[in-house]
Amino acid sequence: MAMFQLSGLDEAPFQPLFDLSDEDLQARAMRRMVVDKHPGFPCRVSLQDAAIGEEVLLLPYTHLDAHSPYRSGGAIFVRRGAARAVLAPGEVPAYVTSRIISLRAYDAAHLMIHADVVDGGAVAETLAALFDDPAVEYVHLHNAKRGCFSSLAVRAPAAG
């Protein structure tokens, strides 16, 4: 089976947003929140659920920013001070394994060629199987219940 690697979003574009006023955030269709339950606020940068009391931003994000009929976006959470997570090949974070996940596999032309919905505990096996198809360039993971973008999976570099 092919190996995959998940990564969070680059934190650089998001962290300056925490310095904006609530009014400026609202003008950009964003909202500052304080986490009041766990789990429930999965950070797309750190690939972790934010802890109770942490500050997060809820903001629109274009997760498939390509010239494609599948171009799309949606709301995501980002934690203040979060650093981009790049996980070890084959690793799936707890915030994914604890949810029902939609997996959407795309080819080099950014066209969806496979899709599945699985329990989070089956994500690693499903990703490995998807990457067995050489046409799969990348896979987007989405939280199935709310449909929000969760993370990006790519084919892991060959060992050696």
(message) Looking at ALA82, ALA153, ALA75, can you tell me which residue is assigned to a strand (DSSP E or B) and open to solvent by less than 20 Å² (accessible area, probe 1.4 Å)?
(response) ALA153
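Has the stretch 122-135 got any residue that is of a type in the set (D, E, K, R), assigned to a loop (DSSP other than H, G, I, E, B) and either modelled with pLDDT of 95 or more or more than 23 Å from PRO60 (Cα to Cα) (or both)?
yes
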(request) Could you please tell me which pairs satisfy a Cβ distance under 8 Å, a separation of 6+ or placement on different chains, a first residue in the stretch 16-27 that is touching a residue at least 40 places away in the same chain (Cβ under 8 Å), and a second residue that is part of a helix (DSSP H, G or I) and not charged (D, E, K, R)? (result) LEU17/LEU25
(message) Tally up the residues in the stretch 1-38 that are farther than 18 Å from GLU54 by Cβ and assigned to a loop (DSSP other than H, G, I, E, B), please.
(response) 9
(message) Given the criterion within 24 Å of GLU11 (Cβ to Cβ) and open to solvent by less than 50 Å² (accessible area, probe 1.4 Å), identify the matching residue among VAL136, VAL123, VAL118.
(response) VAL123
(request) Of all residues in the stretch 47-64, count the ones that are in contact with a helix residue (DSSP H, G or I) (Cβ under 9 Å, 6 or more places away or on another chain), under 17 Å from GLN15 (Cβ atoms) and open to solvent by less than 60 Å² (accessible area, probe 1.4 Å). (result) 4
(request) Can you tell me which residue among ALA75, ALA50, ALA66, ALA29 is within 17 Å of the chain's Cα centre (by Cα) and farther than 22 Å from GLY120 by Cα? (result) ALA66
(message) Taking the conditions exactly as written (basic (Lys, Arg), open to solvent by 90 Å² or more (accessible area, probe 1.4 Å) and either at pLDDT 95 or above or within 12 Å of PHE149 (Cα to Cα) (or both)), does ARG31 satisfy them or not?
(response) yes
(request) Residue by residue through the stretch 123-145, note down the ones that are free of Cβ contacts under 8 Å to residues at least 40 places away in the same chain and over 16 Å from PRO89 (Cα atoms). (result) ASP133, PRO134, ALA135, VAL136
(message) Among the residues that make up the stretch 62-71, is at least one of them of a type in the set (Val, Ile, Thr), within 30 Å of LEU111 (Cβ to Cβ) and touching a Leu at 6+ places or on another chain (Cβ under 8 Å)?
(response) no
(message) touching a strand residue (DSSP E or B) at 6+ places or on another chain (Cβ under 9 Å), open to solvent by less than 30 Å² (accessible area, probe 1.4 Å), over 30 Å from ALA158 (Cβ atoms) and among the aromatic types (Phe, Trp, Tyr): is that true of PHE41 in this structure?
(response) yes
(request) Mind listing whichever residues of the stretch 92-108 are surrounded by 14 or more Cβ atoms within 10 Å (Cβ to Cβ) and outside any strand (DSSP E or B)? (result) VAL92, PRO93, TYR95, VAL96, THR97, SER98, ARG99, ASP107
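Based on this model, can you work out whether LEU111 counts as farther than 21 Å from VAL154 by Cβ and either open to solvent by 40 Å² or more (accessible area, probe 1.4 Å) or modelled with pLDDT of 95 or more (or both)?
Criteria not met by LEU111.
The values are calculated or read from the model by the stated rules, or taken from the named source; none is laboratory data. Not measured: the values here are computed from a predicted model. Quick reminder, even Gly has a Cβ in these numbers, built from the backbone with ideal geometry, and neighbours come from all protein chains shown. Please note that ligands, DNA and RNA were not included when accessible areas were found on the heavy atoms of the full protein model with its side chains. Shrake-Rupley method; radii C 1.70, N 1.55, O 1.52, S 1.80 Å.
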